[in-house]
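**Q** The structure follows.
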Amino acid sequence: MSMYENAKKIYSSYYNVDTEKAIDLLGKIPISIHCWQGDDVRGFDNSECLSGGIQSTGSYPGRAKNFKELMADMDKAFSLIPGSKKLNLHASYAIFDNGQAVDRDKIEPKHFSKWVEYAKKRKMGIDFNPTLFSHPMAKNNLTLSSPDLLVRDFWINHCKQCLKISEYFAEETGMPCVMNIWIPDGYKNIPADRFAPRERFKSALDEILSTQYDKSKVYITLESKVFGIGLESYTVGSSEFCLSYSSQRGIVPLMDNGHYHPTEMVSDKISSLLLFNPKIALHVTRPVRWDSDHVVLFDDETREIAKEIVRNNALDRVFIATDYFDASINRIAAWVTGVRSVQKALLIALLDPCDEMKTLQENSEWTKLMMLQENMKTAPYGAVWDEYLKRENVCRDYWCEIQKYEQEVLINR
Ligand code: RNT
Ligand code: ZN
């Protein structure tokens with residue numbers, strides 16, 4: 001009997017869990033893969049340093065320096081990632097023909113036509129992000145909350161253009177586009193006025209949302225944050241702000257699990273948000289001591305997040321995206337390891353005897369619940385994962401493939 005056949009038997013006879021069903025479902029869960037792991041969040045539209053209070057560290061060779069390189073690198077990563085994928089772009093990845101560059105408040109769908117072509121060929125949807133950092137108009141990390149009307153208007157126009165581009169993505173690919181707004185705005189030192197910047201952010205968002213757009217094609221999400229580098233004392237788009245704004249205005253709240261105090265867990269927040277929002281969105285990342293954006297691993301919190309999505313029957317209500325940027329290791333391996341970790345966590349969640357566990361909780365059978373939870377930690381899910389990879393036609397150990405690409409392509413850049 002193969003390892004998988006054995007695992008299948010154990011799951012069905014001990015836990016009444018159908019591994020075939022889990023494998024089938026897993027392949028259908030779209031993961032939105034962030035393009036910015038490939039070039040350390042630099043983008044193509046200017047040569048500004050990364051700002052916004054985020055940081056990518058490391059100097060591993062082979063960073064993608066233009067759209068052709070980034071597309072090739074993503075293809076390599078995609079070839080090693082099983083399941084259903086979406087492409088997640090930032091506005092700073094606009095592609096301009098020679099001499100045709102425009103500033104961010106003037107970008108148009110045509111500046112993304114090459115990405116559309118790329119996505120369509122690969123039968124992928126596209127998600128999008130206005131880029132409100134790494135730009136001269138984001139001076140001192142102030143954008144939609146800036147006291148300077150010119151600055152605010154510039155970024156309002158940027159977001160409005162991004163909405164048009166998002167609609168274009170949805171129309172072209174036939175799949176809805178999730179457009180995520182995140183602003184870096186905040187202060188290093190203790191502010192004298194916490195109200196006015198938030199009031200300005202609120203009305204700037206209102207103005208962006210006053211644009212007509214097709215709500216069945218574009219889902220606008222709003223990402224909160226607790227602090228950024230150099231923005232330690234105050235963040236305009238705090239959790240309370242973003243949650244209240246999203247539910248009042250009918251957009252989608254986005255939680256990034258690097259954006260909370262270290263003992264606050266996004267896994268614990270998912271159920272609350274699901275009770276009050278038709279859809280929610282996630283940036284899955286790995287914060288190490290701070291919002292460090294390390295590559296996602298198959299760790300406790302990633303697994304707990306996946307469990308919350310699965311056992312609340314919310315697979316069709318949660319937009320799952322990855323968000324990390326490690327420049328100290330092979331960037332293709334970073335993509336593959338991170339996305340596979342999310343998928344592995346989802347598979348293990350799908351293999352849990354959720355109903356039985358819930359019943360034990362309802363009956364206050366805490367001893368039995370603890371024993372079952374502990375038993376599941378050594379259930380033979382590795383064999384099910386391997387079977388999934390085999391069926392998806394991707395290899396289990398991908399270093400050889402990546403090393404070859406590194407030697408043939410990346411090292412020569
Ligand atoms: C920053 C946010 C945001 C960015 C990307 C590049 O802390 O997490 O999502 O990482 O937009
Ligand atoms: Zn994020």
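**Q** Using a 7 Å offset from the Cα along the Cα-to-Cβ direction at both Glu356 and Lys215, what is the distance between the two label points in nm, to one decimal?
**A** Inter-label distance under the simple model: 4.3 nm.
**Q** Another question about this same structure. Can you tell me how much longer the chain between Met1 and Trp366 gets when fully stretched, taken as 0.36 nm per residue apart minus their C-alpha distance, in nm with one decimal?
**A** Residue separation times 0.36 nm, minus the Cα-Cα distance, leaves 127.9 nm.
**Q** Return the calculated 222 nm mean residue ellipticity for the chain, to the nearest 500 deg cm²/dmol, obtained by summing -39500 (n - 2.57) across DSSP H runs with n ≥ 4 and dividing by the residue count.
**A** After summing the helix terms and dividing by residue count, I get -13500 deg cm²/dmol.
**Q** For Thr263 and Arg122, FRET efficiency with R0 = 45 Å and r from the beta-carbon atoms, rounded to 0.05? Before the final figure, lay out each step's value.
**A** Working: r = 40 Å, r/R0 = 0.89.
My answer for the efficiency is 0.65.
**Q** Once phi is turned into ³J(HN,Hα) by the Karplus curve 6.51 cos²θ - 1.76 cosθ + 1.60 with θ = phi - 60°, what whole-Hz value does each residue of region 287-299 show in order, with x for glycine and proline?
**A** x, 10, 6, 7, 6, 7, 6, 6, 4, 5, 10, 7, 10
**Q** Further question: Once the piece of chain linking Glu108 and Asn313 is laid out straight, how much longer is it, given 0.36 nm per residue of separation minus the C-alpha distance between them?
**A** 70.0 nm
**Q** Compute a Gaussian network model of the chain, connecting alpha carbons closer than 10 Å, and tell me which residue from Val310, Val288, Val116 fluctuates the most.
**A** Sorting by GNM fluctuation, first place goes to Val288.
**Q** Also: Looking at region 319-413, how many pairs of lysines come closer than 29 Å at the Cα, when each pair is eight or more places apart or spans two chains?
**A** Counting lysine pairs in region 319-413 gives 10.
**Q** Now a separate question. Which of these, Lys139, Lys358, Lys85, has the largest mean-square fluctuation under a Gaussian network model of the chain (Cα springs below 10 Å)?
**A** Of Lys139, Lys358, Lys85, the most mobile in the Gaussian network model is Lys358.
**Q** At what distance in nm do the modelled label points of Ile411 and Trp399 sit from each other, each positioned 7 Å from its Cα along Cα→Cβ?
**A** Taking the simple label geometry, Ile411 and Trp399 are separated by 1.6 nm.
**Q** Once you place label points 7 Å from the Cα toward the Cβ at Asn16 and Asp75, how far apart are they in nm?
**A** 4.9 nm
**Q** Two-decimal Rg/Rh of region 293-374 from alpha-carbon positions, Kirkwood Rh?
**A** Details: Rg = 15.4 Å, Rh = 14.2 Å.
Radius of gyration relative to Kirkwood radius: 1.09.
**Q** Another one. Determine the distance separating the Cα centre of region 286-310 from the Cα centre of region 177-233; give it in Å without decimals.
**A** Between the Cα centres of region 286-310 and region 177-233 lies a distance of 24 Å.
**Q** Using every Cα-Cα pair within region 75-119, state what percent have a distance larger than 17 Å.
**A** Values: 427 of 990 pairs.
Considering region 75-119, 43 percent of its Cα-Cα pairs are separated by more than 17 Å.
**Q** If you don't mind, another one. How large is the convex hull of the Cα atoms of region 140-201 per residue, expressed in Å³ as a whole number?
**A** Hull volume normalised by residue count: 88 Å³.
**Q** Using the beta-carbon distance between Ser203 and Ser272 and R0 = 22 Å, what value does 1/(1 + (r/R0)^6) give for FRET efficiency, to the nearest 0.05?
**A** With R0 = 22 Å, the Cβ-Cβ based efficiency is 0.20.
**Q** Would you look at the GNM of the chain, springs on alpha carbons closer than 10 Å, and say which of Val284, Val41, Val151 moves the most?
**A** Val151
**Q** Which helices, taking whole DSSP H runs in the chain, have alpha carbons extending 24 angstrom or more along the helix axis plus mean Kyte-Doolittle at least -0.5?
**A** Numbers: long enough: 149-173 (36 Å, -0.13); 331-350 (29 Å, 1.05).
Passing helices, by number: 149-173, 331-350.
**Q** Could you pull the Cα extents of the chain along its three principal axes, largest to smallest, in whole Å?
**A** 67, 53, 39
**Q** Here's a follow-up. Hey, what did region 71-196 get for relative contact order, percent, Cα under 8 Å, at least 6 apart?
**A** On the way: 155 pairs, mean separation 37.2, N = 126.
The value is 30 percent.
**Q** Right, something else. Please provide three numbers in whole Å: the alpha-carbon extents of region 228-372 along the principal axes, with the largest listed first.
**A** Rounded to whole Å, the extents work out to 49, 41, 27 Å.
Read the figures in this text as sums done on the coordinates, not as results from a lab. This one's a predicted model, so the numbers in the text were calculated from it and none came from an experiment. Don't worry about glycine lacking a Cβ; one is built from the backbone with ideal geometry, like all the others, and counts go over all protein chains shown.
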